[in-house]
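Here the structure comes first, spelled out in structure tokens, and everything after it is commentary.
The values are calculated or read from the model by the stated rules, or taken from the named source; none is laboratory data. Fair warning: this is a prediction, and the values are worked out from it, not measured in the lab. Using ideal geometry, Cβ is built from the backbone for each residue, glycine included, and neighbour counts are taken over all protein chains shown. When the accessible area is computed, the model is the full protein with side chains, heavy atoms only, and any ligands, DNA or RNA have been set aside. Shrake-Rupley method; radii C 1.70, N 1.55, O 1.52, S 1.80 Å.
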Amino acid sequence: MKKYITIGFGILFCACSNYLDYKPDIKMVVPKSLKDAELLLNDYTALNEGYPIYGELGTDDYYLPDANWEGVTDIDQRNTYIWADQPYRNVIQWQRPYKVVYLANQVIDILSKLDRNNEPEKYNRTLGAAHFYRAFAFQQLLEVFSPAYVPSTAASEMGIPIRLDPGIDGKSTRASVEACYQQILSDYLVAANNLIVNESIVGRPNKAAAYAGMARAYLNMGDFPKAFLNAEEGLKLKNQLMDFNQLNPNVTFPIQRFNVEVLFPATTTVSAGMNYNNGLVDSLLIKSYTTGDLRKTVFFQESDDLAGAFAFRGSFQGTSSSLFTGFTTSELYLIKAEAGVRANKIPESLLAINTLLRSRWDKNLTYTNVAVTNPDVLLPLILQERRKELVFRGRRWSDLKRLNQDRRFQKTLIRKIKGVEYQLLPNSLFYAYRLPEIVIEQAEIPQNKR
């Protein structure tokens, strides 16, 4: 028999009942010291892996042939692909990020009872990391399970539960989208003020990653001056880009894990539908890569199963089983470029986009700088480059949601499976995926609007 421990916001742990009945000496297991707090943040699997993939499953960057779709054994992932309004039972999409929140809250609670002056550098780094992880987990959940940020409705639309205490028994309620974003920004700001520039522990966030988190949040909120400012601050600290001329397109995965662009590594849960052997890249997207753009050969490879089709193999994770959804310098250049256009900083925007594209260009061919100064022409160009660069990086779903608010960039998504056509209209309520049914039942919180 199994029992679940609920934390108001859903399900956190599952364990055998005899284990739950066992009561050890509590003094032996309660973490209290700075060392204990550090150790809680040393679990890479718990803190950097297993973030929601539902958003990316619903994007227009790829498609599944009928046989591949039928071969996906996870019924929730099959339903996600066609945006089906069906009950979702896979609690992992919700559970894993909230476990990160739980661990971060434990660390923050421990630190609140210690004297930071005893070991100030270690204390600050640990505090900054805990706030960063909590912000990142909230951000990932919000982008998948809540509607897009619209200034006029953000204070009334349902976001996600915001738990800031270490307890597991308190009842939670869904905060507004506005309140969620403000908490995320608050946590990232604490992180930016306490993290160091050069973090030696692989997987831990650094100061530039905190600025990247704020830049991403402000971009989603449509606050372009602040998105620009935070992207710029992040790039002042870390601005390296890979030279794609130095990558080997003949290996299975040309991009090295933990490469110089990675500010914070994070991955989604595993998806059979989007792995190298199943998901095929949208043909129009493939055609958008021009001669000389090395991303076409680095990111993609012709499918072994379908002539003329391409599979994605350009993961920053160096694998096909899960998708990279962390922060990189390349994303910061793109945020600076887009926000720069929107904030009337055209020269800075052009410098950012050209710096990025030049690093992706074949050195044997002449690169011609993007020199467009008309914002109405430059913005669509940058948005297209954003899609081409951040393909399969966890950004497309969020981008579709925010760009649908602008009539110039609205898009109706279409799937065809076994002769049946499915559509996702711009600004559809289905852009906020249903919460897992067990969360609704156990935590007694409302389901997303339909």
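Estimated at 0.36 nm per residue, the fully extended path between K411 and Q246 surpasses their Cα-Cα distance by 55.8 nm.
In summary, segment 358-403 shows an alpha-carbon radius of gyration equal to 1.39 times the 2.2 N^0.38 Å reference for compact globular proteins. Here the Kirkwood formula puts the hydrodynamic radius of segment 168-250 at 14.8 Å, using every distinct Cα pair.
Return one number: the angle in degrees, 0 to 90 and rounded to the nearest 10, between the long axis of the Cα atoms of helix 329-342 and the longest principal axis of the Cα atoms of the chain. Orientation of helix 329-342: about 70 degrees from the principal axis. Put simply, the amide H of S176, placed in the peptide plane, has neighbours under 5 Å in G159, leaving out anything fewer than 5 places away on its chain. Subtracting the Cα-Cα distance of L111 and D305 from their residue separation scaled by 0.36 nm leaves 64.4 nm.
Loop sites by DSSP among the chymotrypsin sites (Phe, Trp or Tyr not before Pro) of the chain, restricted to those with at most 12 other Cβ atoms within 10 angstrom, leave 23-257 as the longest stretch without any of them. Only protein heavy atoms count here; on that basis, with a 1.4 Å probe, V144 has an accessible area of about 10 Å². A Förster radius of 30 Å, combined with the Cβ-Cβ distance separating R257 from N364, puts the computed FRET efficiency at roughly 0.60. Per residue, the chain exposes 42 Å² of accessible surface when a 1.4 Å probe is rolled over the protein heavy atoms with every protein chain present.
Charge dipole (Cα centre; +1 on Lys/Arg Cβ, -1 on Asp/Glu Cβ; no other charges) of segment 79-175 amounts to roughly 160 debye. What value, in deg cm²/dmol to 500, does the helix sum -39500 (n - 2.57) over DSSP H runs of n ≥ 4 give at 222 nm once divided by the residues of the chain? Calculated mean residue ellipticity at 222 nm is -13000 deg cm²/dmol. Which of the three applies to segment 244-289, rounded, prolate or oblate, going by the alpha-carbon gyration tensor with a ≥ b ≥ c and a/c under 1.5 meaning rounded? Cα axes put segment 244-289 in the oblate bin. Taking every protein chain into account, the 1.4 Å probe leaves K113 with about 150 Å² of accessible area, to the nearest ten. By the rule of a C-alpha distance below 19 Å, with chain neighbours fewer than 8 residues away ignored, the aspartates and glutamates paired with K345 are D223, E232, E233, E331, D376, E385. Each distinct pair of alpha carbons in segment 186-303 adds a 1/r term; the inverse of their mean, the Kirkwood radius, is 16.8 Å. Ordered from highest to lowest accessible area with the whole protein assembly present and a 1.4 Å probe, I168, I445 read as I168, I445. With all protein chains in place and a 1.4 Å probe, the accessible surface of the chain carries 51 percent carbon and sulfur. Here each label is just a point 7 Å from Cα along the line to Cβ, and for E121 and I196 those points are 0.5 nm apart. Projected over all directions and averaged, the alpha-carbon convex hull of segment 63-139 occupies 7.2 nm².
Within the P(r) computed for segment 318-450, what percentage of the Cα pairs occupies the region above 17 Å? Counting pairs separated by more than 17 Å, the tail of P(r) holds 70 percent. Hydrodynamic analysis of the chain uses the Kirkwood radius over alpha carbon pairs. Inserted into Stokes-Einstein at 37 °C and 0.692 mPa s, it gives a translational diffusion coefficient of 144 µm²/s.
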